[in-house]
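J.: Would you mind keeping the following structure in view while I ask a few things?
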Amino acid sequence: MSDSEDYEDFGSGDESWDDFEEDIELDKADNVDAIENFKCLFISSQIFKAKVEKEASAFANSCKISVSVAKTILMKSKWNTSTASKVLSKSKYGDKLVKTRKSHCDVCDEPRKDLYATFCQHEFCLDCWRYHTRTRLQQRSDVCCMGHGCEVLLTESAVLPLVPGSLGKKFEEILFDCMVISYPGVRFCPGPDCSEIVMALEESSPKRVRCDSCATEFCFQCGLDFHHPTECSTIKVWLQKCSDDSETADYIATKTKDCPMCSSCIEKSGGCNHVICGLCKYEFCWVCSGDWKEHGAQYYECSRFKEDPEAVRAELENETRASLSKYLHYFQRWDNHSRSLKMEKVFQKNLQEIAQKEVQKSNGTWIDWEHLKRAGKILAQCRYTLKFTYPRAYFMDASKEKMLFEYQQGILEADCEDLAWKLENAREFSVAQLEQASAAAQKSRMTLVKSTSLL
Amino acid sequence: MADSIAIARVQKELKDFQKKGGDLVGIRLDLGDGSDMMKFKGEIDGPPDTVYAGGKYKLLIEIPPNYPFSPPKIRFTTPIWHPNISSVTGAICLDILSTKWAAAMTLRTVLLSIQALLESPEPDDPQDAVVAAQFNKNRACWEATAKFWAQYHASAPGALNATYKDSLDKVVAMGFDKQKVLASLSQHDWNTENALQFLFN
Ligand SMILES: [Zn+2]
Ligand SMILES: [Zn+2]
Ligand SMILES: [Zn+2]
Ligand SMILES: [Zn+2]
């Protein structure tokens, strides 16, 4: 590759600076790539639609049913045809409404000439079918027959003619979403406004996917940001915890509560849950904050299934201080890496601009700048991994495993900060020194990633 | 639009109800002065040969605007001790009032279904966990309590269980609200000690 080609590539500038996959051969050599990146295929909604239509008509042909019924059943059986055959024998689906000869509708209780029924022969007028379908779709539930005790469900082909316009479109959209969700090894890209579909080429696991179309990076298994070495369920709990910051709120709530009426802070003195606000005299229940006057009837609902609130609270109060400081310890480090990642992203962007100008002015060759860019990418990878080590550590029980994990984490932290320092003060270090720091950090990261993916 | 369907349907149902009559099977609809077609009262008799026999149970019936495509909202306003009915709010756990509702059903069929629920409770699908637990673990106590509630709240005939009445009076004499005491005693299998402890908290 000549310098000018590289420069072209560099100059395009639009692409996010962290498209590092292809750049870092080190990863591939050591198989970190396979550990972190999920093997998959990107297809458009249209192609996926065509694929499922084809499968549905094949199943429809083999069972001698309509495509609409085939689709509904395949969705319910996760597109497994042998499960679908069993489901088919057990369920009843109406794929079209047929005009009948009766002349009275039992739902609106009016004489009508437009009575329709599926094979179950429960006949109702067209207006009633329409209202019924609309009501069911608005509640996002299956459209069933209106007959007393009838279990026939209407499929797409019977429902669509009943809901013209925007509701019909919405129904088709929901149906398509359900199809994607029900299809094993397939998921939507979680990127905003992206309709790209990801198809797994390996067994589903919490590895990284980078969308072909919108460049969003996410975990294939749960759709959240890629989060190795933390597990899907753990990261979900962690993110929830961070977002509602409940620890701090809990701490305050153990002794005081805001009056639901005037918001003044009230300290609970005795054991009684009937609390009166000193300021506005509002009387409320300490447990649920509801109005005490209306509590006469609802009191049992409020406390019946709970353990003694006093005992729980006392226990909580003692533990809260310790658990709060533990949480803050991990949270601060998590948050710190997030901030650093953002700041370094800006730094890298500036670096690109500087490099572009300097190379144009013939101050040094592209090679001189390339190693800074590479070091920046490695630093970002390390920070990203480090960030996601903290939720894992927070939820780990004290054990040998945790000690080893925190040891590796500590080494990566040190290497990462060393690299960050050398990168920020690049003019004071030689290319060799920077490369050495990059290699050390990369190696520590690989050690940690590999040892955690074995679990 | 759907609103007018709802009103028309309810009017027809009420006319039909009056024509067929409900008294023979022990169900009644009470429209009051007829000013509100979307909210009125109903009443069912406790079925004979059950703990509710002879009791009269009042219900509040609310018709949603998209009736009959959505089920009517119905709850007991007369307190009742039943595994599928909340002893606190009167909310009813019955499939045809939620998932199994079909537009072709009527208020008449619903009231008859509720009456049938009184005849055969389903403790495996409880609305009131405490009542259901008592029904499963201490059937004799459940029967006596349900009967006591029927006599106390729903004017079912017969003398009140003397032991229960005694306990009730004793605790009420300590200055607690009568309804709360009855609920607490019932929840604690008529153990005065436990019921009191609950009331004090
Ligand atoms: Zn009709
Ligand atoms: Zn039917
Ligand atoms: Zn995307
Ligand atoms: Zn995940």
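J.: Any residue at all in segment B:1-8 that is free of Cβ contacts under 8 Å to residues at least 40 places away in the same chain, within 14 Å of chain A (Cβ to nearest Cβ) and in a loop (DSSP other than H, G, I, E, B)?
T.: yes
J.: Let me ask something additional. With the structure loaded, tell me whether B:Gln134 is buried (at least 20 other Cβ atoms within 10 Å of the Cβ), within 14 Å of another protein chain (Cβ to nearest Cβ) and either touching a Pro at 6+ places or on another chain (Cβ under 8 Å) or within 24 Å of B:Ala91 (Cα to Cα) (or both) or whether it fails that test.
T.: Taking the combined requirement at face value, the residue satisfies it.
J.: For segment B:1-29, name all the residues that are among the acidic types (Asp, Glu) and either modelled with pLDDT of 85 or more or open to solvent by less than 30 Å² (accessible area, probe 1.4 Å) (or both).
T.: Those that are among the acidic types (Asp, Glu) and either modelled with pLDDT of 85 or more or open to solvent by less than 30 Å² (accessible area, probe 1.4 Å) (or both): B:Glu13, B:Asp16.
J.: Moving on to the next point. Just the residues that are in contact (Cβ under 8 Å) with a residue 60 or more places away in the chain, in a loop (DSSP other than H, G, I, E, B) and away from chain A (no Cβ under 14 Å), please, taken from segment B:56-103.
T.: Listed by number, the list holds a single entry, B:Ile80.
J.: Something else about it: Those residues that are within 13 Å of A:Ser45 (Cβ to Cβ), in a loop (DSSP other than H, G, I, E, B) and in contact (Cβ under 8 Å) with a residue 40 or more places away in the chain, I need them from segment A:190-203; list them, please.
T.: If the condition is that a residue be within 13 Å of A:Ser45 (Cβ to Cβ), in a loop (DSSP other than H, G, I, E, B) and in contact (Cβ under 8 Å) with a residue 40 or more places away in the chain, then A:Ser195, A:Glu196 are the ones that fit.
J.: Counting just the residues of segment A:89-116 that are open to solvent by less than 20 Å² (accessible area, probe 1.4 Å) and more than 12 Å from chain B (Cβ to nearest Cβ), which one comes out nearest to B:Ser4 (Cα to Cα)?
T.: A:Leu115
J.: A:Pro206 fails exactly one of the following numbered conditions: (1) more than 30 Å from A:Ala34 (Cβ to Cβ); (2) in contact (Cβ under 8 Å) with a residue 12 or more places away in the chain; (3) more than 16 Å from ligand 2 (Cβ to nearest atom). What is the number of that condition?
T.: (1)
J.: A further question on this structure: Looking at segment B:9-32, which of its residues are over 17 Å from B:Glu62 (Cβ atoms) and part of a loop (DSSP other than H, G, I, E, B)?
T.: Listed by number, the residues that qualify are B:Gly21, B:Gly22, B:Gly26.
J.: Mind checking whether some residue in segment B:155-170 is open to solvent by less than 80 Å² (accessible area, probe 1.4 Å), in contact (Cβ under 8 Å) with a residue 40 or more places away in the chain, in contact with a helix residue (DSSP H, G or I) (Cβ under 9 Å, 6 or more places away or on another chain) and not small (Gly, Ala, Ser)?
T.: No - not one qualifying residue is present in segment B:155-170.
J.: Taking the condition more than 9 Å from chain B (Cβ to nearest Cβ), open to solvent by 20 Å² or more (accessible area, probe 1.4 Å) and closer than 22 Å to B:Ser4 by Cα, does A:Leu153 pass?
T.: The answer is no for A:Leu153.
J.: Can I ask one more? Of A:Glu110, A:Glu53, which residue is away from ligand 1 (no atom under 16 Å from the Cβ), free of Cβ contacts under 8 Å to residues at least 24 places away in the same chain and of a type in the set (Asp, Glu)?
T.: Among A:Glu110, A:Glu53, only A:Glu53 is away from ligand 1 (no atom under 16 Å from the Cβ), free of Cβ contacts under 8 Å to residues at least 24 places away in the same chain and of a type in the set (Asp, Glu).
J.: Can you tell me how many residues in segment A:176-209 are over 24 Å from A:His228 (Cα atoms) and either polar (S, T, N, Q) or in contact with a helix residue (DSSP H, G or I) (Cβ under 8 Å, 6 or more places away or on another chain) (or both)?
T.: Summing the residues that are over 24 Å from A:His228 (Cα atoms) and either polar (S, T, N, Q) or in contact with a helix residue (DSSP H, G or I) (Cβ under 8 Å, 6 or more places away or on another chain) (or both) in segment A:176-209 gives 7.
J.: Among the helices (runs of 4 or more DSSP H) lying completely within segment A:59-138, list those that include at least 3 residues that are under 24 Å from B:Ser70 (Cβ atoms).
T.: Counting at least 3 such residues, we get A:126-138.
J.: Continuing with this model, one more query. For segment A:127-147, give me each residue that is within 14 Å of B:Ala103 (Cβ to Cβ) and either within 16 Å of ligand 3 (Cβ to nearest atom) or free of Cβ contacts under 8 Å to residues at least 24 places away in the same chain (or both).
T.: Correct list: A:Asp127, A:Cys128, A:Tyr131, A:Thr135, A:Arg136, A:Gln139, A:Ser141, A:Val143, A:Cys144.
J.: On the given criteria, is A:Val143 away from chain B (no Cβ under 14 Å), open to solvent by less than 40 Å² (accessible area, probe 1.4 Å), within 16 Å of ligand 2 (Cβ to nearest atom) and aliphatic (A, V, I, L, M)?
T.: Spelling it out, it is not the case that A:Val143 is away from chain B (no Cβ under 14 Å), open to solvent by less than 40 Å² (accessible area, probe 1.4 Å), within 16 Å of ligand 2 (Cβ to nearest atom) and aliphatic (A, V, I, L, M).
The values are calculated or read from the model by the stated rules, or taken from the named source; none is laboratory data. Bear in mind that the values here come from a model prediction, so they are computed numbers and not experimental data. All Cβ positions, glycine included, derive from the backbone under ideal geometry; neighbour counts span all protein chains shown. Calculation scope for accessible area: heavy atoms of the full protein, side chains included, ligands and nucleic acids excluded. Shrake-Rupley method; radii C 1.70, N 1.55, O 1.52, S 1.80 Å.
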